[in-house]
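Below is one structure, written out as structure tokens; comments come after it.
The values are calculated or read from the model by the stated rules, or taken from the named source; none is laboratory data. Keep in mind that this is a model prediction, so the values were computed, not measured. All Cβ positions, glycine included, derive from the backbone under ideal geometry; neighbour counts span all protein chains shown. Please note that ligands, DNA and RNA were not included when accessible areas were found on the heavy atoms of the full protein model with its side chains. Shrake-Rupley method; radii C 1.70, N 1.55, O 1.52, S 1.80 Å.
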Amino acid sequence: MGAFPHLFSELRVGPRTFRNRIFSTGHMTCLLDGDLEPNDRFVAYHEARARGGAGLIVTEAARIHETGGWRNLNAASDGCIPGYRRAAEAVQKHGCAIFGQLGHAGVYGAATPDGSHGVAYAPSQATSSRSHTVSRALPPSLIRDYVKAYGEAAGRMKKAGLDGVEILASHGLLPAQFLNPALNRRSDAYGGSLENRMRFLRETIASVRDAVGADIAVGVRISGDEVEADGNDPDELLEVCRSIGNEGGIDYLNVIAGSMIGLRGSIHVVPPMNIEAGYLAPLAAAVKKLAPIPVFVAGRINQPQQAERIVAGGQADMVGMTRAMIADPEMADKAREGRIDDIRACIGCNQACIGHMQMGLGVSCIQHPETGRELDYGVKPPADRPGTVLVAGGGPAGMKAAAVAAERGHRAILCEATARLGGQALLAQELPGRAEFGGVVANLAREMERHGVEVRLGTSVDRGLVEAGDVDAVIVATGARPWRPALAGEDEAHIVDAWRVIAGEADVGGRVVVADWRCDWIGLGLAEKLAREGRRVTLAVNGTVPGQTIQMYVRDRWVGDLHRLGVEIVPYARLFGADATSVYLQHVASGEPIVIDGVDTVVTALGHRSVTDLADGLEDWPGPVLLAGDCLSPRTCEEAVLEGLKAGFGV
Ligand SMILES: Cc1cc2nc3c(=O)[nH]c(=O)nc-3n(C[C@H](O)[C@H](O)[C@H](O)COP(=O)(O)O)c2cc1C
Ligand code: SF4
């Protein structure tokens, strides 16, 4: 028996049996083309996870009606059937089941291809403080159309050969809006009592079941706690689970948390790094006590050990490990084979998965840029002429480049000037709540080890070293250093750089201004760290909001923490100068000064400058020289790893 006997036991759900308890929850991939139908990239993406051992893949929220979606898959017309069929065949041939998801956004509104807002239909005229939309109350005839449309979309999925369908009543989507008395103020049969508010969901379930019969599975995804002031009452949500879970219409309940009606509830839609792994298992366990059908759960479950505990402890029957498989499509097989150290665990950074999706870009992973790019990088062809590749720099870019070059058959030698691998990731993991970021380093180090990269620590590379060795190609990944422009009055002021503060190398006074030009994790993290140490902190950002450039769930969770800690935030503020007691900022929109007095220390997070000495020195070296990451232009870990992948492919 393997290491995870419960996780790798079969589960029957309705008419289908899954080979194990690991599933990929529905998630929008943004890999589709303009017709919003499953395409080759979508099929290749899901097939990679099926090949890697998942028991079930639930595909993304598909719109059931033309009024009900964003950029998501369109299941409102028969055009989706051939694409779903190709996805089904690709996934099922690996022994994995595949379900479709049925969604309607309701109050969040419907984006239209011409960029205008469509009319958002919801139970009543209501607002969402996340999308800033006002809905139009659904006329009874449209409610009937929607109920029918859920069934018709489910019928299309069945016709395409999917194994099941999942109705989205989670995340504050349309069925959850009907349940919610703050959004549903109807006086007809769909509003008022909980029985009435449940009517839409019940009719939807019946419509779907009528359409698909007993041949495929039908489930409901529901938030057991929306964590939102205007959200559904958690006790009522449990009652809804109890009711629909006992009425025979559905084969499983898929429990999650959060709601998109507000920013706080939204954080739980894709919970970030500083939310405890597996935190929703107790909620699933509560639902399990109420309903005699299988219960699924997800939420920051990124390792098989934890998934095994959840199943073994009877908290849930199926464990969603969605980002875990975005980060490592082979996670399930590695767990089954006991190759635990080879698993590239998701770190919950939200950067390239939900972060991309929210920008309308294809899903990927900062640690595994092959994700979403399966057609380009899914297979690593052996090098035409294997040789010696010298990689200069042991940050994420250099590590990925060396691993890929070695995997393709080169002798890859990675030289790192300091005593440790990791580059800026080593600092990033020191920010409060960001310890898991260090996983990037551990995972890339393991990748290098697996492919036989030779690592030389404490070794800087210059042209002499390149010429002294028998080197066929050089990959330069020398990174960047902090940058600070000349500031008025700086000789008198106490100004320290972010990196030194994070590393614990700087003295910081009791009254601090953090001047944040990057508007990312560094400013937020420094403000939190210094406030937790008992300092009075102002975070002055040269942008519209702190964390402007990072994924919104990460940002909003952090901004909430800073609010609790009493950090003062000054937006639109450019650092101009400082003296012994004051900081001089300029409002970037009005041009007016903002002066903060009584300041002991200014901490600067003003961006970075590339380290280009080696690249410059190799300008006329005759062999191939490829650059990757911040030495090309300072950006984030995501670009570093992606460019490392490309460099490893390019040699
Ligand atoms: C890129 C992305 C898109 C998502 N889109 C959906 C969706 O279409 N439907 C849905 O029910 N959940 C969606 N989610 C939420 C996931 O299903 C899941 O609940 C969440 O990622 C937490 O699980 P995890 O910690 O295993 O990743 C999305 C998540 C991600 C990362
Ligand atoms: S980008 Fe970050 S959160 Fe998303 S899958 Fe990769 S490691 Fe996980």
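The number of residues in segment 316-337 that are open to solvent by 20 Å² or more (accessible area, probe 1.4 Å) and either in the same structural domain as Arg635 (by TED's automatic domain parsing) or not in a helix (DSSP H, G or I) (or both) comes to 3. All of (1) more than 10 Å from ligand 1 (Cβ to nearest atom); (2) in contact with a Gly (Cβ under 6 Å, 6 or more places away or on another chain) hold for Pro381 with one exception: (2).
Identification of helices (runs of 4 or more DSSP H) wholly contained in segment 410-479 with 2 or more residues that are open to solvent by 60 Å² or more (accessible area, probe 1.4 Å) yields 439-450, 463-468. Out of Ile340, Ile347, one residue alone is β-branched (Val, Ile, Thr), open to solvent by 20 Å² or more (accessible area, probe 1.4 Å) and at negative phi. It is Ile340. Taken across segment 3-21, residues that are touching a Phe, Trp or Tyr at 6+ places or on another chain (Cβ under 8 Å) and on the phi > 0 side of the Ramachandran plot do occur, with at least one present.
Listed conditions (1) part of a strand (DSSP E or B); (2) in the same structural domain as Phe576 (by TED's automatic domain parsing) are all met by Gly598, apart from (1).
Scan segment 412-422 and give yes if some residue there is under 30 Å from Val537 (Cα atoms) and either among the small types (Gly, Ala, Ser) or touching a residue at least 40 places away in the same chain (Cβ under 8 Å) (or both), otherwise no. For segment 412-422, residues under 30 Å from Val537 (Cα atoms) and either among the small types (Gly, Ala, Ser) or touching a residue at least 40 places away in the same chain (Cβ under 8 Å) (or both): present. Under the condition of being part of a helix (DSSP H, G or I) and open to solvent by 10 Å² or more (accessible area, probe 1.4 Å), which residue from segment 91-114 is nearest to Arg19 (Cα to Cα)? Only one residue tops the list, namely Gln92. Among the residues of segment 369-396, the one identified as within 16 Å of ligand 2 (Cβ to nearest atom) and small (Gly, Ala, Ser) is Gly372.
The sole residue among Gly249, Gly219, Gly231, Gly192 that is surrounded by fewer than 16 Cβ atoms within 10 Å (Cβ to Cβ), at pLDDT 95 or above and not in a helix (DSSP H, G or I) is Gly192.
Condition check ((1) within 16 Å of ligand 2 (Cβ to nearest atom); (2) under 30 Å from Gly219 (Cα atoms)) across all residues:
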residue: Gln315; (1), (2): no, yes
residue: Thr322; (1), (2): yes, yes
residue: Pro329; (1), (2): yes, yes
residue: Lys334; (1), (2): yes, yes
residue: Asp341; (1), (2): no, no
residue: Gly348; (1), (2): yes, yes
residue: Val363; (1), (2): yes, yes
residue: Gln367; (1), (2): yes, no
residue: Met399; (1), (2): yes, no
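What is the number of the single condition among (1) under 22 Å from the mean Cα position of the chain (by Cα); (2) open to solvent by 20 Å² or more (accessible area, probe 1.4 Å); (3) closer than 18 Å to Glu152 by Cβ that Ala62 does not meet? Among (1) under 22 Å from the mean Cα position of the chain (by Cα); (2) open to solvent by 20 Å² or more (accessible area, probe 1.4 Å); (3) closer than 18 Å to Glu152 by Cβ, the lone unmet condition for Ala62 is (2).
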